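The values are calculated or read from the model by the stated rules, or taken from the named source; none is laboratory data. This structure is a prediction, so every number in the text was calculated from the model and none was measured. In this analysis, Cβ positions are derived from the backbone assuming ideal geometry, glycine residues included, and neighbour counts consider all displayed protein chains. Accessible surface areas use protein heavy atoms only, side chains included; no ligands, DNA or RNA. Shrake-Rupley method; radii C 1.70, N 1.55, O 1.52, S 1.80 Å.
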Amino acid sequence: MSELRDLYQQLILDHGRKPRNFRVIENAQREADGHNPLCGDRIHMFVTMDGETIADVSFQGQGCAISTASASLLTQMVKGMTVAQTKELFGHFRELVTKPVEPHESLEKLAVFSGVREFPMRVKCATLSWHTLLAALKGEDKVATTE
Amino acid sequence: MSQATGFSVDAIRNDFPFFARSSGTEPPLAYLDNAATAQKPQCVLDAVLDLYRDATSNVHRGVHRLSAEATRRYENARDIVQRYIHAHDRCEIVFTRGTTESVNLVAQSYVRPLLGAGDEILITQMEHHSNFVPWQMVAEQTGAVVRVAPVTPQGELDLDAWRALLTERTKFVSVVHTSNAIGTINPVAEIVRLAHERGVAVLVDGAQAMPHQRVDVQALGADFFAFSGHKVFGPTGIGVLYGKQELLDDMPPYQGGGDMIKLVSLTNTVWNDLPYKFEAGTPNIAGAVGLGAALEWMKTIDLDGAALHERALHDDATARLRQWDDVRLIGTAAHKAAVVAFVMDGVHPHDIGTILDQARVAIRTGHHCAQPLLESFGVHATARASFALYNTHEEVAALAAGMAQVRELFGA
């Protein structure tokens, strides 16, 4: 049960149930779809930019607690960041959920996902929103997938 | 319940090394994902190993004794399949990679030449994607249309809608015998009768029926019957297409290659006889032999007793899940196999799957390759426990205990 409690921490359960920035941005400058073919989860992300900086970011879709909470916390974290900073943060996040490392200090609240590393089948749930956001920032039309 | 018959779960479990392993040093694992694939009895493992150890050789090729032995075992497996499903002739048994390849073979070799623009193929909304996509592909190729008969809120085929959709435009019917996602057993004999009244041929997807009941393709009247070895306790990568000889005879080959020809010249090629016309290339020899061993094993089982046991497991699991108001069962047909699909308010099936796995209960979560069916229930994914004849009530209890943990973690 303890590994499960590490995975499903209160912050994750809270954001899984009541995701923040779960809304449509009308006239978003950048959008992308994400799809996890393993479980059928789908996500759509909206971004507005102010130069190189993410001015607003939101998402819609349906998924498990891990993927929903990840998308929710992600949107809170990257608002106000540049594209380069966002990419760097994703590097730290991916390391956090796949390797036994101490959370990088820039991850802040995202450190709550450290329990994911004990569940390799769930890494894709935690990273789907990140892949989708990066696809949106690149301005790619194609659907981002976790495959 | 099982004591009243010749069926004994303990005796069955003794045949499967999987259960010996999980009763050893590791805590037991409740394997409730049998609709995805089944565990293998020792006799199947032995048959595959013996084939590779004692008779590795190609079939239908060499004059040497090893090739003769491999051919004998491979063709013996065909005889076993023929007798098991009561086919009229051994040439009606085509070995394929599985149900999916069997359906694609029929779609391309039998149905495609029949179709013109506006013609219709009739299927149900509870088909596995393997009985959807090949028809969508052949419709795309010919301008034909795939008609999909709806299911009721209980997950049964709407027979009135089915009759209305079966028209003079219908050129082929393909229907699942037993639903992988919700367990519904369709009235396939009636479906075959209705189609034959209109002179329309029928394929029955028997993948999920084979592990649970005896099948007699002649009594069923199906023109084609497809199944996979691995769901009926045999190896992966081997399956069967049964087809009536008069239909198979007139069909062009599905794939070209070795073993499917009698004579090849620069200008002319003569197809081989049935069933070899449809078995291009070196076949899955060990897979066929393993499937033969699996069906020989099935013949020793009191399947009526097994069906009663599986029904009791289904009813037990259903009752335990129904104690919670926020758990909703998906698919409650009157006539169904031991498949229990469900969703829980506020908890995604994927999270249920992870928590149950930690509780050492293996279930399937997701769309089960049946997205159109789940759509009709208004869900994107379900959690699914699917039982086989070797499962126990202790394993049902483990499922319920795992669900109690889900509720605890998610504060339900």
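Considering the stretch B:377-406 alone, what residues qualify as being closer than 16 Å to residue B:342 by Cβ, more than 11 Å from chain A (Cβ to nearest Cβ) and open to solvent by 40 Å² or more (accessible area, probe 1.4 Å)?
B:378, B:401, B:404
Which residue out of A:47, A:78 is touching a residue at least 40 places away in the same chain (Cβ under 8 Å), buried (at least 18 other Cβ atoms within 10 Å of the Cβ) and over 12 Å from the mean Cα position of the chain (by Cα)?
Answer to the selection: A:47.
Residues checked against (1) out of contact with any Leu (no Cβ under 7 Å at 6 or more places or on another chain); (2) in the same structural domain as residue B:370 (by TED's automatic domain parsing); (3) within 17 Å of residue B:372 (Cβ to Cβ):
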residue	(1), (2), (3)
B:75	yes, no, no
B:82	yes, no, no
B:88	yes, no, no
B:105	no, no, no
B:130	yes, no, yes
B:143	yes, no, no
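Select from the stretch B:353-376 the residues that are within 11 Å of chain A (Cβ to nearest Cβ), in contact (Cβ under 8 Å) with a residue 12 or more places away in the chain and β-branched (Val, Ile, Thr) and list them in ascending order.
Within the stretch B:353-376, B:355, B:365 meet the criteria.
Being part of a helix (DSSP H, G or I) and touching a residue at least 12 places away in the same chain (Cβ under 8 Å) is the filter; apply it to the stretch B:145-166 and report the residue that is nearest to residue B:332 (Cα to Cα).
Going through the stretch B:145-166, the residues part of a helix (DSSP H, G or I) turn out to be B:159-165.
Next, only the ones that are touching a residue at least 12 places away in the same chain (Cβ under 8 Å) stay: B:159, B:161-163, B:165.
On the way: B:159: 16, B:161: 19, B:162: 19, B:163: 22, B:165: 24 Å.
Ranking the candidates gives B:159 first.
In the stretch B:1-33, which residues are modelled with pLDDT of 95 or more, open to solvent by 50 Å² or more (accessible area, probe 1.4 Å) and in a helix (DSSP H, G or I)?
B:10, B:11, B:13, B:14
May I ask you to list the residues in the stretch A:6-44 that are within 14 Å of another protein chain (Cβ to nearest Cβ) and open to solvent by 70 Å² or more (accessible area, probe 1.4 Å)?
Matches in the stretch A:6-44: A:6, A:10, A:17, A:18, A:38, A:42.
Tally the residues that are among the hydrophobic types (A, V, I, L, M, F, W, C), over 16 Å from the mean Cα position of the chain (by Cα) and more than 14 Å from chain B (Cβ to nearest Cβ), restricting the search to the stretch A:99-133.
The qualifying residues number 1.
Would you mind stating whether residue B:304 is open to solvent by 10 Å² or more (accessible area, probe 1.4 Å), in contact (Cβ under 8 Å) with a residue 40 or more places away in the chain and among the acidic types (Asp, Glu)? So that I can check it myself, show each step before the final result.
Values: open to solvent by 10 Å² or more (accessible area, probe 1.4 Å): yes; in contact (Cβ under 8 Å) with a residue 40 or more places away in the chain: yes; among the acidic types (Asp, Glu): yes.
Here the answer is yes, as residue B:304 does meet what is asked.
How about the stretch B:271-298: which of its residues are touching a residue at least 24 places away in the same chain (Cβ under 8 Å), open to solvent by 10 Å² or more (accessible area, probe 1.4 Å) and hydrophobic (A, V, I, L, M, F, W, C)?
Answer for the stretch B:271-298, where residues must be touching a residue at least 24 places away in the same chain (Cβ under 8 Å), open to solvent by 10 Å² or more (accessible area, probe 1.4 Å) and hydrophobic (A, V, I, L, M, F, W, C): B:274, B:278, B:280, B:285, B:289, B:293, B:297.
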